[in-house]
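*Asks:* Got a structure here, written out as structure tokens. Questions coming.
Nothing in this text is a laboratory measurement; each read-out follows from the coordinates by a stated rule. All values reported here derive from a predicted model rather than from experimental measurement. Cβ atoms come from the backbone with ideal geometry, glycine included; neighbour counts cover every protein chain shown.
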Amino acid sequence: MDLQTITYLVVGATFAVYIGIAFWARARTTGDFYIAGGGVHPIANGMATGADWMSAASFISMAGLIAFMGYDASVYLMGWTGGYVLLAMLLAPYLRKFGKFTVPEFIGDRYYSQTARIVAVICLIVASITYVIGQMKGIGVAFGRFLEVPYDVGLYIGMGIVFFYAVLGGMKGITYTQIAQYVVLIFAYTIPAIFISLQLTGNPLPQLGLGSTMADGSGMHMLDKLNGTLTDLGFADYTSQKGSTLNIALLTMSLMIGTAGLPHVIVRFFTVPKVRDARASAGWALVFIAILYTTAPAVGAMARLNLTNTIQVAEVGSPEGNLVYEERPSWFKNWEKTGLLKFEDKNGDGRIQYYDDKNKDFAAKAEAYGWKGNEMVKVDRDIMVLANPEIANLPNWVIALVAAGGLAAALSTAAGLLLAISSAISHDLLKGVFVKDINEKNELMASRIAMGGAIAVAGYLGLNPPGFAAQVVALAFGLAAASLFPALMMGIFNKKMNRHGAVAGMLVGLVSTLVYIFVYKGWFFIPDTNNLPNNAANWVFGIQPEAFGAVGAILNFATAYVVSKVTAAPPEHIQHLVEDIRVPRGAGTATGH
Amino acid sequence: MSLNEKAAQYWQANVRLLLLCLAIWFFVGYVLSILLVGPLNSISLGGYPLGFWFAQQGSIYTFVALIFFYASRMNKLDRQFDVHED
């Protein structure tokens, strides 16, 4: 069977399963819709959280970033896992005890203020919708590449499927579908990694393979070999730190705090039966995430080695050292068609030279070899995971499985984000503020309409991508870190925190982070409206805009503390509420009242 | 011991445990994996430079272990102070 047919079969079969599950687990009450009826087992919930959390960015992009950045890409690995420690210890058990449906609902009740609730809704919608656009784009690209349909057709198919199971099933349908999606995506990620690790090192576990010796009989360690191969071509050493320490630390911190502050993840811990389960569930979620996250470094390093060795076939500098362009493998040709991989024969020798032509120390050597610049003029980082099985000559069914896995990752995250948006609109804005006497049936209808609306908006923005997917994902994390996380944490850990402090803190965190990003990236991301060029020389203390969320969070904490000291303490019953959520006993099922 | 005192003591014990866990979280995630990565890379763990291993493998394993450690200690504290569910 050819690749096309197998891809249709595998992707079609997985989708049939998702839709079947959504139909079986359809929501009948608002409790089912928002929090899956509150009866999800912690391990099942952990698995669903894993699928919810791991988006197209984790599945498709991350290993590619690691492949080309080496050690410096550790910020993503640590940032997107370390946040669960904060979540498990600082937020999840207490928010579960509080027992409501949404994050803004907690902020509104704890700070006895509709203003605080509305500010939280705004932070939530901005952060979630920017994040969901990236997922929609990922869905369009993945369908487009593997089903060979145009990008926009792929996007419409994806929108239709998300609409069907998210709107029908609500949290209940989403949770059970996400468990199936987790299984698909983790197999799709680890199977090619195991094959490649076996080929290169003889060790089937990629986590150990990366630290093993090469299977080619040289006795060299895989990472030493990679370092040597790269430095011979003028590239930077793979395993050492290249960026500034302060910037790396702050970016890691922003991603960690952002992880703990993103509402679609927090709301996951409202679905378990007990406070005790909320703590364990965060641990299970991280176990399921760690399976992919500890495999990714091996995928990245091995893909880089395979790619480099495919082009540099023999000794560097020897006349036959480089691959003849006409003899390039078929995966090379396939990706050239997408425009994501480009070759340009600069010295006219018909062979491919792939090296770092920006490294001044290497320039003299390259000149002596007769090289006239790096001829791999474009190697898009995002193709590495998808191209990896082809580079390693794995069977067609593995390649088809990777396609299904990428789609599962993008769809599951999109569904979770859409649910967070729709519940903020129907539950917090309509029921909480504007139409307080709305009945359950109408609220359920309103949340389904809101979700449909959110899919349409995200789809429209995905059709006309403003061209800033990477920036908006960073913005989503920065915003959540600087606005929601401090307000939630202080609401639990500081009994005296009052509404003035919380609102002032959220606004200072949100606005300072937005301004810092816009100064370097352009106001509202409109090109050429930035005040300063976006490079390390112009950043304050070398802090890149993506890393500013941690600074925004510190400003938020400081402002809230000072303002709360000079204004009236919160009322007695609020202080009792805080004392009550600190103790597990007495947690009922979450309600919306 | 009154109910309020008991709750206050339970909370103190929780915060102490939390600070211990966060100190480990910070030490592994920031000190070993970022600040000291250069010197640690000269030591090797199998075929891994140690600093690189902490940043791309060890820190993630530590995070998982920390959460389960915290959860199990909290379950004990819940019972010890008689604030556990059901």
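*Asks:* Cβ under 13 Å from B:Val15's Cβ, B:Val15 left aside: what net charge do those residues give with Lys, Arg +1 and Asp, Glu -1? Please list the in-between numbers first.
*Replies:* Values: positive: A:Lys495, A:Arg582, B:Arg16, B:Arg73; negative: none.
Charge balance in the 13 Å sphere: +4.
*Asks:* Considering the options A:Gln207, A:Ser447, A:Tyr189, tell which one lies farthest towards the positive end of the dipole of chain A, charges being +1 on Lys and Arg and -1 on Asp and Glu at the Cβ, about the Cα centre.
*Replies:* A:Ser447
*Asks:* Would you please give the FRET efficiency between A:Asp345 and A:Trp24, computed as 1/(1 + (r/R0)^6) with r the Cβ-Cβ distance and R0 = 56 Å, to the nearest 0.05?
*Replies:* 0.50
*Asks:* So what does the Cα-only Debye profile of chain B read at q = 0.11, 0.16, 0.21, 0.26 Å⁻¹, as log10 I(q)/I(0), no solvent term?
*Replies:* -0.45, -0.69, -0.92, -1.17
*Asks:* Once you wrap a convex hull around the alpha carbon atoms of the stretch A:170-297, what is its projected area averaged over all directions, in nm²?
*Replies:* Mean orientational projected area (the stretch A:170-297, Cα hull): 10.7 nm².
*Asks:* Right, something else. Using a 7 Å offset from the Cα along the Cα-to-Cβ direction at both B:Lys6 and A:Ser218, what is the distance between the two label points in nm, to one decimal?
*Replies:* Calculated label separation equals 6.7 nm.
*Asks:* Next question, about the same structure. Assuming 0.36 nm per residue, please report the length gained on full extension of the stretch A:Lys333 to A:Val153 beyond their Cα-Cα distance.
*Replies:* 62.4 nm
*Asks:* Could you give the dipole magnitude of chain A about its Cα centre, charging the beta-carbon of Lys and Arg +1 and that of Asp and Glu -1, in debye to the nearest 20? Walk me through the intermediate numbers first.
*Replies:* Details: 40 positive and 38 negative charges, 457 e Å.
For this selection, approximately 2200 debye.
*Asks:* A further question follows. Using the Kirkwood formula over every pair of different C-alpha atoms, what hydrodynamic radius in Å results for the protein assembly as shown?
*Replies:* After inverting the mean inverse Cα-Cα distance, the result is 25.9 Å.
*Asks:* Gain in length, A:Val515 to A:Asp380, computed as 0.36 nm per residue apart minus the alpha-carbon separation, to one decimal in nm? Provide the component values of the computation, followed by the final result.
*Replies:* On the way: separation 135, 0.36 × 135 = 48.60 nm, distance 2.97 nm.
That pair, A:Val515 and A:Asp380, stretches by 45.6 nm at full extension.
*Asks:* Would you calculate the separation in nanometres between label points at A:His573 and B:Ala23, each defined as 7 Å from the Cα along the Cα-to-beta-carbon direction?
*Replies:* For A:His573 paired with B:Ala23, the spin-label model returns 4.1 nm.
*Asks:* Using the Karplus equation 6.51 cos²θ - 1.76 cosθ + 1.60 (θ = phi - 60°), what ³J(HN,Hα) coupling, rounded to whole Hz, does each residue of the stretch A:340-355 give in order, writing x for Gly and Pro?
*Replies:* 8, 10, 9, 10, 9, 7, 6, 9, x, 9, x, 10, 9, 10, 10, 8
*Asks:* Could you compute the FRET efficiency for A:Asn531 and A:Asp580, with r as their C-beta to C-beta distance and R0 at 35 Å, rounded to 0.05?
*Replies:* Details: r = 48 Å, r/R0 = 1.36.
It comes to 0.15.
*Asks:* Now for a separate question. Distance from the Cα centre of the stretch A:527-590 to that of the stretch A:412-464, in angstrom?
*Replies:* 26 Å
*Asks:* Could you tell me which of A:Gly170, A:Met159, A:Ala403 has its Cα farthest along the dipole of chain A towards the positive end, charges placed at Cβ (Lys, Arg +1; Asp, Glu -1), taken about the Cα centre?
*Replies:* A:Gly170
*Asks:* What length, rounded to one decimal in nm, is gained on full extension from A:Lys360 through to A:Lys495, with 0.36 nm per residue of separation minus their alpha-carbon distance?
*Replies:* Full extension from A:Lys360 to A:Lys495 adds 42.8 nm.
*Asks:* For the stretch A:290-341 and the stretch B:5-48, compute the distance between their C-alpha centroids and round to whole Å.
*Replies:* 38 Å
*Asks:* If you don't mind, there's one more thing I want to ask. Collect residues whose amide H, placed 1.01 Å from N in the peptide plane, falls under 5 Å from the amide H of A:Asn347; neighbours closer than 5 in sequence don't count.
*Replies:* A:Lys372
*Asks:* Taking the simple approach of a point 7 Å from Cα along Cα-to-Cβ for both A:Val313 and A:Asn393, what is their distance in nm?
*Replies:* Here the modelled spin labels are 1.3 nm apart.
*Asks:* Moving on to the next point. First obtain the Kirkwood hydrodynamic radius of the stretch A:416-559 from its Cα pairs, then insert it into the Stokes-Einstein equation at 20 °C and 1.002 mPa s, and state the resulting D in µm² per second as a whole number.
*Replies:* 124 µm²/s
*Asks:* Set Lys and Arg Cβ to +1 and Asp and Glu Cβ to -1, take the dipole of the protein assembly as shown about its Cα centre, and tell me which of B:Gly47, A:Pro571, A:Ala142 lies farthest positive.
*Replies:* Checked the options; the winner is A:Pro571.
*Asks:* Per DSSP H run of at least 4 residues, take -39500 (n - 2.57); add these up for chain A, divide by its residues and hand me the 222 nm value, nearest 500 deg cm²/dmol.
*Replies:* It comes out at -21000 deg cm²/dmol, rounded to the nearest 500.
*Asks:* What percent does the relative contact order of chain B come to when contacts are Cα pairs within less than 8 Å and at least six residues apart?
*Replies:* Result for chain B is 32 percent.
*Asks:* Now a separate question. Calculated FRET efficiency, B:Tyr61 and A:Lys372, Cβ-Cβ r, R0 56 Å, to nearest 0.05?
*Replies:* Calculated value: 0.75.
*Asks:* ³J(HN,Hα) across the stretch A:452-463 via Karplus (A = 6.51, B = -1.76, C = 1.60, θ = phi - 60°), whole Hz, x for Gly/Pro?
*Replies:* Calculated HN-Hα couplings, in order: x, x, 5, 5, 5, 4, 5, x, 4, 5, x, 5 Hz.
*Asks:* For chain A, what's the relative contact order in percent, using C-alpha pairs closer than 8 Å and at least 6 residues apart?
*Replies:* Values: 1071 pairs, mean separation 169.2, N = 593.
This gives 29 percent for chain A.
*Asks:* Please report, largest first and rounded to whole Å, the three semi-axes of the ellipsoid equivalent to the stretch A:320-378, where each semi-axis is the square root of five times an eigenvalue of the C-alpha gyration tensor.
*Replies:* Equivalent ellipsoid semi-axes, largest first: 22, 13, 8 Å.
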